[in-house]
Each structure stands twice: as C-alpha cells, then as structure tokens.
1. I need the full set of residues from segment 132-147 which are part of a loop (DSSP other than H, G, I, E, B) and out of contact with any Ser or Thr (no Cβ under 8 Å at 6 or more places or on another chain), in order please.
2. Just wondering, is there one or more residues in segment 102-109 that are open to solvent by less than 20 Å² (accessible area, probe 1.4 Å), at pLDDT below 95 and of a type in the set (A, V, I, L, M)?
3. Mind checking which residues of segment 61-76 are open to solvent by less than 70 Å² (accessible area, probe 1.4 Å) and over 17 Å from TYR43 (Cβ atoms)?
4. Being among the hydroxyl-bearing types (Ser, Thr, Tyr), under 25 Å from GLY175 (Cβ atoms) and part of a loop (DSSP other than H, G, I, E, B) is the filter here; which residues of segment 37-72 pass it?
5. If you check every pair at least six apart or on different chains, which have Cβ atoms under 6 Å apart with a residue in segment 73-95 that is in a helix (DSSP H, G or I) first and a residue that is polar (S, T, N, Q) second?
6. All but one of (1) farther than 17 Å from LEU176 by Cβ; (2) within 12 Å of the chain's Cα centre (by Cα); (3) part of a helix (DSSP H, G or I) hold for ALA105; state the number of the condition that does not hold.
Amino acid sequence: MKLRDLLTALAVAAIQCLCAAQPTPPIAARNMGAAALSGSTAYDFKSSINARQYRIFVSVPPGFDATQRYGVLYVLDGIQYFGTASEAAARQSSLKTIRPIIVVAVGYQSNEFSVAIRERLFDLTHNPSQDALPYKTGGGAAFQRVLLEEVRPFIVSSFPVDLSAEALWGHSLGGLFALHVIDLPGFFGPIST
C-alpha cells in the first residue's frame, strides 16, 4: 500500500470516528448567531415619526473609497434580503457589470421571522385591512416618511452618496410598497419589485 493511500484511509477512518462520536443535531437546534458580511454595519434606531424600532444594514462595496460618490440600493425586508443584495452587488461590480454601490437594507431589530412578518405587514401596507387579520396593517404612509425623512438623510450624511443614483427594491409586499411610492415626489429613482 502506498503512503498516500494509507494516509487517505487514516483520514477517512478519523472522520468516521468523529462523526460517529458526535451526532449532528437537527438543523432547528443549531444557533449560530448572526452572520457578518465584510464591509457591513448595522444601525438601530427608534423612529420619531412612527415610534417603531428599525435596524438599518449597510454594506459598502469592496475597495470602498470615501472620496468617491456611490449609488445606493435601498432594500426592504432587510433581515431577509440584505445578504443576498450585498453579495450580488459586490459580485456584479467586481465583474464590472454594474458600478460599485452601497446597499442599505431596512429591517427590524429582531432576528425572529414571526416578528418580521408582523412588522412588515404593518409597514408595507398603506390601508388598514377590513378583514380579521392577526396583525395590524396600514402603516405604509408613515413608513414612507421614515425612509425619506430619517433613513435616507442618515445614509446621505454618513456615506458619500450619488443622489442621482438611488433605487428602491422590494419583494412581495415590499414590491407592492415600492410600486405604491413610485410616483411620489422626492422619492427614490428606479423601483424594482
């Protein structure tokens, strides 16, 4: 038996022993905590407009240069889509298919999915529901103001933003919200749903 084959056999045996000695817990039992993206920061704040708690996730592009101005992609449902949007933007800018942008995702201060569902149902709808729903709806008008009067000014004062290159992205109710605000004066440029 060759030395390489012997070492491979020993490595396989060691891995099998480790796996047998430590059974893998079910996925639901794992608590890995929050993942961090390179070049990203989270900011918590309480809105003075609607008194609700938010978390703003911000990622700057690789090679970020504070002397340059960057377009901004504002992403709704921050906890769900921040990672995907940030990685997609970084990858596309590295491939030179888009220019480097700052990704700003607006979400909530809880990592619990049930909390995000409840909060987004209120913030992303413009009319109170007449149906018996388990959660309140109809906070969209105030949330528009939160984005325009609190989130956007914070980003513009904290990062070098190209005001001619801002966009809003939302999925599902976030897309409906984005379509609702598309023609409002002073709102963001392109809308993607």
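The values are calculated or read from the model by the stated rules, or taken from the named source; none is laboratory data. Since the structure is predicted, the reported quantities are computational estimates derived from the model, not experimental observations. Virtual Cβ from ideal backbone geometry, glycine too; neighbours counted across all protein chains shown. Just the protein is used for accessible areas: all its heavy atoms, side chains included, with ligands, DNA and RNA removed. Shrake-Rupley method; radii C 1.70, N 1.55, O 1.52, S 1.80 Å.
1. The first filter runs over segment 132-147 and keeps only residues part of a loop (DSSP other than H, G, I, E, B), leaving 132-139.
If the condition is that a residue be part of a loop (DSSP other than H, G, I, E, B) and out of contact with any Ser or Thr (no Cβ under 8 Å at 6 or more places or on another chain), then ALA132, LEU133, PRO134, TYR135, LYS136 are the ones that fit.
2. no
3. PRO61, ASP65, TYR70, GLY71, listed by residue number.
4. Step one: of segment 37-72, the residues among the hydroxyl-bearing types (Ser, Thr, Tyr) are 38, 40-41, 43, 47-48, 54, 59, 67, 70.
Now restrict to residues that are under 25 Å from GLY175 (Cβ atoms): 40, 43, 47, 54, 59, 70.
Within segment 37-72, SER47 is the sole residue that qualifies.
5. Final answer for the pair search is SER86/SER59.
6. The one condition ALA105 does not meet is (3).
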